[in-house]
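Input: a single structure, listed below in structure tokens.
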Amino acid sequence: RILLADGSVVIEVVEILSETELKGRVLNDKELGERKNCNLPGVKVDIPVLTEKDIDDLQNFCVKFKMDYVAASFVQTGEDVQFIRRILDEAGGQDVEIISKIENEAGLAHIDDIIKYSDGIMVARGDLGMEIPSEKVALAQKMIITKCNIAGKFVITATQMLESMVKNPLPTRAEMTDIANAVLDGTDCVMLSGETANGSFPDTAVATMASIARNAELVINYDASFSYMADFTAKPLGSIEAVATCVGRAVLDCKAALVVVVTRAGDSSRLLSKYRPSVPVMVVTWNRRVARHAAGRFAQYPVLLEEGNPFSAEAAEAAGSSSPPAEDMSRRLVDSGGAVDQAIYRGKALGLFESQYASHPVVVMVEDPWGRASLSFTYTNC
């Protein structure tokens, strides 16, 4: 069988005429738009993950214009991701993050390797639902999300989440539940496609999805989520992740109002999001790329500071040390021009916590360029 437009049109193959031609019988009536996808369920398509045009687009458009992400379709193995990484790196695209779209059986079979080499994963349910039995799609989604959570990689759930809103101003009850369940499963992002690309109510669809996601987060059992991540993460931990787990535990035990993470490369904030903190995480950084990437990570809100990074190599050199002692980190934080205070004020301005939390602590995590992290506390009424 050949499936077109997410299965809207089904063609039964009657006869193979040549290597490039076949005869088929269309089994149903359906209006078909332009440039729709095509699936061959159960067939491993022997095509490269990147065509020559794809390679040219990556190197001469994606890298040239400093894209944050590239989403790769029909990734089937970890080698596919490594190949894309090499193509990007050869053109100077080391900062471009790779999102691997899981859309077929081969991708599911090699999901651990794909997650290992990817920066993020997309559960692309449109094509995936054509390539595997319908009753397996929900199980595949939950499995992929759980594996990404444990690996500390962000995960996007996509396709037909509010499909009825392409033409209607209100979603179906099943769609409302679908979004909420994805959030409860542990997805970092939920994505719209046709609803905003060619729908009649694009702004309403975005507002509806955001509202459902916010309300779903109110019933997450954050204590259980933290314990699950801690229990299933392989040991020993790196030093930054060890501090991130302490921050996650402190948030729960102290009923913190907010977390402030001061980071240069984004490793500490990424690992903290893995442990699903129950409060917003203000990511203070001097790195525009890290600030932009915060939008795709659980609980993160960027605070971009333009100048005065006390953890830069230049600051270390000026202080006369290429790797200052650990106790110097607190002084450098004080020298940062009130970075933590700015983050707290930013959180207040965004309405991320109310005045009744003034007596609750703020957990502060600081990561320096030498791979060290520290934990401290302050308060919201600073």
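The values are calculated or read from the model by the stated rules, or taken from the named source; none is laboratory data. Worth saying up front: this structure is predicted, and the values here are computed from it rather than measured. Note: ideal-geometry Cβ built from the backbone for every residue, glycine included; neighbour counts use all protein chains shown. Ligands, DNA and RNA are excluded from the accessible area calculation, which covers all protein heavy atoms including side chains. Shrake-Rupley method; radii C 1.70, N 1.55, O 1.52, S 1.80 Å.
Quick notes
- Look at (1) among the hydrophobic types (A, V, I, L, M, F, W, C); (2) out of contact with any helix residue (DSSP H, G or I) (no Cβ under 8 Å at 6 or more places or on another chain); (3) at pLDDT below 95 and you find that A138 fails only one, number (3).
- The residue list T204, T196 contains one member that is hydroxyl-bearing (S, T, Y) and over 21 Å from the mean Cα position of the chain (by Cα), which is T204.
- Set S200, S164, S193: member being at pLDDT below 95 and either more than 19 Å from I102 (Cα to Cα) or not aromatic (F, W, Y) (or both): S193
- Residue in segment 1-35 that is most open to solvent (accessible area, probe 1.4 Å), counting only those that are under 30 Å from N198 (Cα atoms) and among the basic types (K, R): R35
- Helices (runs of 4 or more DSSP H) lying entirely in segment 108-186 (those with 1 or more residues that are out of contact with any Ser or Thr (no Cβ under 6 Å at 6 or more places or on another chain), open to solvent by 60 Å² or more (accessible area, probe 1.4 Å) and touching a residue at least 12 places away in the same chain (Cβ under 8 Å)): 111-117, 137-151, 173-185
- Sole exception among (1) more than 27 Å from S376 (Cβ to Cβ); (2) part of a loop (DSSP other than H, G, I, E, B); (3) open to solvent by less than 50 Å² (accessible area, probe 1.4 Å) for A210, by number: (2)
- Filtered residues of segment 69-107 (kept if open to solvent by 10 Å² or more (accessible area, probe 1.4 Å), assigned to a loop (DSSP other than H, G, I, E, B), farther than 16 Å from D56 by Cα and touching a helix residue (DSSP H, G or I) at 6+ places or on another chain (Cβ under 6 Å)): Q76, D95, N104
- Any hit, segment 104-114, residues being among the aliphatic types (A, V, I, L, M) and under 16 Å from S273 (Cβ atoms): no
- Counted as qualifying within segment 258-332 are the strands (runs of 3 or more DSSP E) with 3 or more residues that are open to solvent by 10 Å² or more (accessible area, probe 1.4 Å) and either modelled with pLDDT of 95 or more or closer than 24 Å to F377 by Cβ (or both), namely 300-304.
- For F61, the criteria (1) of a type in the set (A, V, I, L, M, F, W, C); (2) in contact (Cβ under 8 Å) with a residue 12 or more places away in the chain; (3) out of contact with any Phe, Trp or Tyr (no Cβ under 7 Å at 6 or more places or on another chain) hold in every case but one, which is (2).
- Of all the numbered requirements in (1) open to solvent by 30 Å² or more (accessible area, probe 1.4 Å); (2) within 20 Å of the chain's Cα centre (by Cα), S227 misses one, and that requirement is (2).
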